[in-house]
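Asker: Before we start, here is the structure in question, set down as structure tokens.
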Amino acid sequence: MTVRLSAISSTAPQLIATATLTVETAGPGFSEITAEAARFIEQAGAGDGALLLYLRHTSASLVIQENADPDVQADLISALDRLAPEDAGWVHDAEGPDDMPAHVKAMLNGVSLQIPVRGGALSLGTWQGIYLAEHRAKPHRREVVLQFLGSRK
């Protein structure tokens with residue numbers, strides 16, 4: 001096994017920029033928000049640092065996943081449905097049979113991400129995209145807080 005650490009670069013934090021992204025979902029599935037995150041980084045004048053994304057909901061989630069083949073998203077939805085099916089006998093069902101499974105799926109995926117920013121660009125891999133995963137059956141309005149911490153470009 002070969003392991004190699006690149007040269008370390010350091011800068012003092014000079015910028016904290018924050019915005020809220022509103023996403024109108026169409027029901028269960030993935031909404032890609034990579035372009036909006038990149039636009040935020042550009043408009044903030046970001047250099048090197050970290051982009052923090054935080055979803056202000058408990059029945060949707062944020063994920064970094066493949067952005068090349070939509071079959072991946074279909075399979076991920078199927079996998080989450082198998083892990084948290086609607087007919088599992090949930091106690092919490094006040095908001096409908098899809099509510100508790102949505103909470104479980106959000107817990108599995110998480111509601112926050114951190115992405116390195118280098119030279120004013122997101123350090124995502126070639127096939128990676130940022131997605132909001134909607135776990136409820138009906139459309140919802142979701143809010144994602146974007147925050148950059150780091151240097152100015």
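The values are calculated or read from the model by the stated rules, or taken from the named source; none is laboratory data. The model shown is predicted, which means the values in this text are computed figures rather than measured ones. Because the Cβ atoms are built from the backbone with ideal geometry, glycine has one as well, and the counts that use them run over all protein chains shown.
Asker: Would you check which residues across segment 108-128 are farther than 28 Å from Leu80 by Cα and either crowded, with 17+ Cβ neighbours inside 10 Å or of a type in the set (Lys, Arg) (or both) and list them?
Answerer: Kept after step one, since they are farther than 28 Å from Leu80 by Cα, are these residues of segment 108-128: 117-121.
Result: Val117, Arg118, Gly120.
Asker: Take Leu113 and tell me if it is touching a Lys or Arg at 6+ places or on another chain (Cβ under 9 Å), assigned to a strand (DSSP E or B) and modelled with pLDDT of 95 or more. Steps first, answer last, please.
Answerer: Working: touching a Lys or Arg at 6+ places or on another chain (Cβ under 9 Å): no; assigned to a strand (DSSP E or B): yes; modelled with pLDDT of 95 or more: yes.
In short, no.
Asker: Under 7 Å by Cβ, and 6 or more places apart or on different chains, what pairs join a residue from segment 15-41 that is closer than 19 Å to Ile77 by Cβ with one that is of a type in the set (Asp, Glu)?
Answerer: Cβ pairs passing all conditions: Thr25/Glu134; Gly27/Glu134; Pro28/Glu134; Gly29/Glu134; Ser31/Glu134.
Asker: Another one. Quickly run through segment 13-36 and pick out the residues that are farther than 25 Å from His103 by Cβ and either among the aliphatic types (A, V, I, L, M) or outside any strand (DSSP E or B) (or both). Steps first, answer last, please.
Answerer: Keep residues of segment 13-36 that are farther than 25 Å from His103 by Cβ, which gives 13-19, 34-36.
Passing the criteria: Pro13, Gln14, Leu15, Ile16, Ala17, Ala19, Thr34, Ala35, Glu36.
Asker: Looking at segment 66-86 only, could you name the residues that are in contact with a strand residue (DSSP E or B) (Cβ under 7 Å, 6 or more places away or on another chain) and without any contact (Cβ under 8 Å) to a residue 24 or more places away in the chain?
Answerer: Correct list: Val72 only.
Here's the yes/no breakdown for (1) closer than 12 Å to Val63 by Cβ; (2) in contact (Cβ under 8 Å) with a residue 24 or more places away in the chain; (3) out of contact with any His (no Cβ under 8 Å at 6 or more places or on another chain):
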residue: Val117; (1), (2), (3): no, yes, yes
residue: Glu134; (1), (2), (3): yes, yes, no
residue: His140; (1), (2), (3): no, yes, no
residue: Ser151; (1), (2), (3): no, yes, yes
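Asker: Among the residues of segment 129-143, count how many are surrounded by fewer than 19 Cβ atoms within 10 Å (Cβ to Cβ) and either closer than 24 Å to Thr11 by Cβ or of a type in the set (Asp, Glu) (or both).
Answerer: Final tally of qualifying residues: 1.
Asker: Taking segment 1-25 as the search range and keeping residues that are exposed (fewer than 10 other Cβ atoms within 10 Å of the Cβ) and of a type in the set (S, T, N, Q), which one is nearest to Lys138 (Cα to Cα)?
Answerer: Among them, the one singled out is Thr22.
Asker: Right, next: State all residues of segment 37-86 that are under 22 Å from Glu24 (Cβ atoms) and exposed (fewer than 15 other Cβ atoms within 10 Å of the Cβ); if no residue qualifies, say none.
Answerer: Once the filter is applied, which keeps residues that are under 22 Å from Glu24 (Cβ atoms) and exposed (fewer than 15 other Cβ atoms within 10 Å of the Cβ), segment 37-86 yields Arg39, Gln43, Arg56, Thr58, Pro70, Ala74.
Asker: Considering every residue within segment 87-97, establish whether at least one is surrounded by fewer than 18 Cβ atoms within 10 Å (Cβ to Cβ), assigned to a helix (DSSP H, G or I), hydrophobic (A, V, I, L, M, F, W, C) and without any contact (Cβ under 8 Å) to a residue 40 or more places away in the chain. Step through it out loud before you land on a result.
Answerer: Step one: of segment 87-97, the residues surrounded by fewer than 18 Cβ atoms within 10 Å (Cβ to Cβ) are 87-97.
Those still in the list that are assigned to a helix (DSSP H, G or I) too: none.
Checking segment 87-97: not a single residue is surrounded by fewer than 18 Cβ atoms within 10 Å (Cβ to Cβ), assigned to a helix (DSSP H, G or I), hydrophobic (A, V, I, L, M, F, W, C) and without any contact (Cβ under 8 Å) to a residue 40 or more places away in the chain.
Asker: If you check Ala50 against the conditions, is it touching a Pro at 6+ places or on another chain (Cβ under 9 Å) and part of a strand (DSSP E or B)? Steps first, please.
Answerer: Numbers: touching a Pro at 6+ places or on another chain (Cβ under 9 Å): yes; part of a strand (DSSP E or B): yes.
For Ala50, the condition - touching a Pro at 6+ places or on another chain (Cβ under 9 Å) and part of a strand (DSSP E or B) - is met.
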